[in-house]
Structure formats: C-alpha cells, structure tokens
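Let me begin by presenting the structure, written as structure tokens, before commenting on it.
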Amino acid sequence: MSAIPSVNLQEVFEQQVQQTTQRIEAITSSNRMAGLLQQNFRDNILNGTYDPATLIYEADENKDNIISVDELNNLIFKLTNENPPAWVSELLFKFMGKDTNEGIMLTEYYAYLTTLGVSPPD
C-alpha cells in the first residue's frame, strides 16, 4: 500500500491567494469599475470602516461553509446599509473565480479577503 502524500495546507492556501490576486489583476486591468470597487473595498477595510470579524464570521449565515450570492449581498448590506446592484456581487464572485449560480467556498472567500489585507481565521 502506498503512502498518502502529505499536503501543506498553508502552501495550498498561498497558491489560492496568488491565483485570486492574478484573477483580480486581470479583471481590473480591463475594467475600470472593477478596479474602483476593489480599491474602495480595500480602503474601507484598511481604514477600519469594515470590521474584519464581520467580514469573516457573518458572511456564511447558514454555516454550511459556502457563501451564496444572497449571503454575500446580505453582508454587503450589513456593511454599507445599501443593497448592492447585481453587478457588484457578480464582480466579487468573478474575483473568486465563480459565477453567482455557484457558491463560494470559505477558503476561496478567505483567499479573496487576504488579497485585501484581512487575515483569515485559523
């Protein structure tokens, strides 16, 4: 019987962050509005407008380890007191390599938050 290869989860996560960063750069380089949204989101996190704990712990409302478009929209509403237009959630899903018909796995979401300067939970 062959041994199961060990997986360094930190390396896997770092690769996911790198892939997310590359995807964001590709999208924002050709879409000015996407770049503005990304910069605004980053600025609000770094300036303390958006609480990282809220971003992390309140995103997955039903605790199934998948963030749906409705859950993401609810989180954006909690942060801004505004319902986001559909293009905002669509763009955020694209940043994470998904479409709004799919859910975002928590690791994908944490990789995205890491690109914004938020440390994921342990």
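The numbers here are math on the coordinates, done by the rules we state, and not lab data. Computed from a prediction, not measured in an experiment: that's the story for all the values here. Heads up, the Cβs are rebuilt from the backbone with ideal geometry, glycines too, and the neighbour counts pull from every protein chain shown.
Contact order, relative form, for the chain: 31 percent (alpha carbon pairs under 8 Å, 6 or more residues apart, mean separation divided by residue count). Given a Förster radius of 25 Å and the C-beta distance between residue 46 and residue 105 as r, what FRET efficiency does 1/(1 + (r/R0)^6) yield to the nearest 0.05? For residue 46 and residue 105, the calculated efficiency is 0.50.
Give me the distance between the Cα centres of region 71-122 and region 12-37, rounded to whole Å. After rounding, the separation between the Cα centres reads 13 Å. Can you list the aspartates and glutamates whose alpha carbon sits under 20 Å from that of residue 78, skipping same-chain ones fewer than 8 residues off? Residue 78 reaches 43, 51, 58, 60, 61, 64, 70, 90.
Between residue 62 and residue 27, the contour length at 0.36 nm per residue exceeds the Cα-Cα span by 9.6 nm. Under 13 Å of direct C-alpha separation, and excluding same-chain neighbours fewer than eight residues apart, residue 94 reaches these aspartates and glutamates: 25, 102, 108.
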